[in-house]
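Novice: Structure provided below as structure tokens; questions to follow.
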Amino acid sequence: MAWGEGGWVDMSTLKGRSLGVLQSEQPTQPPAIAVKPAPAKSRKRNPDRYDDKRMSGGVFLCDGKFGWSPAHGSCALQIDATFSVNYTHRTRFTRDALNPSNPVLLEAMPPAVPGKPAKVQFFVDASLVGSDDLHSDDRLPGDDRLLTRIHAFIAAHPDKLTMPSAIQIVPGGEDSKNAPRWLEDMLRHIHDATICRQSYVVVIGGGAVLDCVGFAAAIAHRGVRLVRLPTTTLAQADSGVGVKNGINGFGKKNYMGAFAPPWAVINDDLFLRTLSQRDWRCGFVEAIKVACIKDRAYFEQIEAAAAGINARNHDIATPIIATSAHWHLKHITQGGDPFEMTTARPLDFGHWAAHKLEQMTWFRLRHGEAVAIGLAIDVTYAAMVGLLDESEANRIKDLLIELGFDLYDDAMQQVPELLKGIEEFREHLGGQLTVTMLKAIGRPVDVHEIDVQVMREAILSLAPMSREAVV
């Protein structure tokens, strides 16, 4: 049988005749995909186009159409098409982005239709608008409350922006990622604000809030334009410029999510002045991580800047954050695997243990604190198995300690549970286990097997480096 213009036709009765307008009964299954092949003289395969193959089941060309007659369940037509999608990643560093006279945020959200203002829906991290408002006069002289400033920014540009719905407040930290109802609430607000694919969702907050709101933006209308304003050192140095969005599920970090590049990222130095010392230091561990796998000179720059970072000298700290964002963005845009389709995740160096420790401590450990421990575990292991010189491993751990990180947590006493993080890390991407280790600072290497007994020793060896033990 084959599909003709009138329905299914018994090919054995045609004997070479055209299907033409022969009529038959209505099909009992849908027709196969119809793709007209190039003329015989130009049938040379082009890998950048499509690859159609005639299979043993029989594909019949009659009057410029394909008929389908599968034999023994074989595929009648196979098409492999390679294509790419171009993205523009816009990352900006500025100060006081919500000042109506600052053009950076406004320029990042051009109206899709000339003369018609773009719709904008704001989501704000609850930690920024609490009773001790992070934008109150005693912390940022001359600034009004954050929500008031957002309204003032929109009101200052009525010909460019409109906000049809109220600003939405999102729980800060991992709370926003641990309860699926927050995702549903975000989607409902995007829907109720009639946000379309030419509109903008603007999220102001830390990395967890960026992840959750970003996931909502990625699946609403199959993707609306997301503008991120990261408010922590960690988000500005790493996750804010990334292309991953998601929430936690089934007791696992980022189990549900999507890859979706942001429309724009605005790193506003002013927000960093509001952070506690604990949250301030967290972002610099991601800088150390990316320096370890990308650039030895950058690692040395962080070493030299450590005292200034601890003193919260923004003239010293801001270039460190900006360079970290640069290296993360460069890996995403030039590394060849922005959506992690292979089994390697170099930017997750130290993260197999970090993600597991966050779960084991019910997120008592901040992400940056967990990554610091994860880095310490992996460089200690690498030194123990002879991959990394012990002096290099100690140098990395010494820098982490100088910046105020604790390299041991009581949860690490549950070694069997922590080691489950290795398989969970592999499962997240699938395929062969691939863990990034170091041969030297700035020289990463992928390993595909972990000596569990040595890893156990590496974990336990860090106990003397806990803050309690040092004191």
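The values are calculated or read from the model by the stated rules, or taken from the named source; none is laboratory data. What you see is a predicted model; the values in this text were computed from it and never measured. Please note: Cβ atoms are built from the backbone with ideal geometry, for glycine as well, and neighbour counts cover all protein chains shown. The protein model used for the area step is the full one, side chains on, heavy atoms only, and it has no ligands, DNA or RNA in it. Shrake-Rupley method; radii C 1.70, N 1.55, O 1.52, S 1.80 Å.
Novice: Residue 363 - would you say it is modelled with pLDDT under 95 and touching a Phe, Trp or Tyr at 6+ places or on another chain (Cβ under 6 Å)?
Specialist: no
Novice: Quick test for you: out of 228, 312, 278, 296, pick the one residue that is of a type in the set (Lys, Arg) and in contact with a helix residue (DSSP H, G or I) (Cβ under 6 Å, 6 or more places away or on another chain).
Specialist: 228
Novice: Please list, ordered by first then second residue, the pairs with beta carbon atoms under 8 Å, 6 or more apart or interchain, first in region 249-267 and within 30 Å of residue 102 (Cβ to Cβ), second of a type in the set (S, T, N, Q) and surrounded by fewer than 17 Cβ atoms within 10 Å (Cβ to Cβ).
Specialist: 266/94; 267/94
Here is a yes/no grid of residues against (1) out of contact with any Phe, Trp or Tyr (no Cβ under 7 Å at 6 or more places or on another chain); (2) more than 21 Å from residue 289 (Cα to Cα); (3) aliphatic (A, V, I, L, M); (4) assigned to a helix (DSSP H, G or I):
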position	(1), (2), (3), (4)
393	yes, no, yes, yes
397	yes, no, no, yes
425	no, no, no, yes
446	yes, no, no, no
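Novice: So, one more: Of the residues in region 162-196, how many are open to solvent by 60 Å² or more (accessible area, probe 1.4 Å) and of a type in the set (Val, Ile, Thr)?
Specialist: Number of matching residues: 2.
Novice: Hey, another quick one. Taking the stated definitions as given, is residue 94 under 25 Å from residue 325 (Cβ atoms), of a type in the set (Val, Ile, Thr) and either at pLDDT 90 or above or loosely packed, with under 12 Cβ neighbours inside 10 Å (or both)?
Specialist: Answer is yes for this residue.
Novice: Filter region 251-308 down to the residues that are open to solvent by 10 Å² or more (accessible area, probe 1.4 Å) and among the basic types (Lys, Arg), then identify the one that is nearest to residue 214 (Cα to Cα).
Specialist: 253
Novice: Follow-up question, since we're still on this one. Out of all the residues in region 207-231, which are more than 17 Å from residue 92 (Cβ to Cβ) and crowded, with 24+ Cβ neighbours inside 10 Å?
Specialist: Within region 207-231, 207, 208, 209, 211, 212, 213, 214, 215, 216, 217 meet the criteria.
Novice: Let me confirm something: among 407, 387, 429, 418, which residue is surrounded by 14 or more Cβ atoms within 10 Å (Cβ to Cβ) and modelled with pLDDT under 95?
Specialist: Being surrounded by 14 or more Cβ atoms within 10 Å (Cβ to Cβ) and modelled with pLDDT under 95 holds for just one of 407, 387, 429, 418, which is 429.
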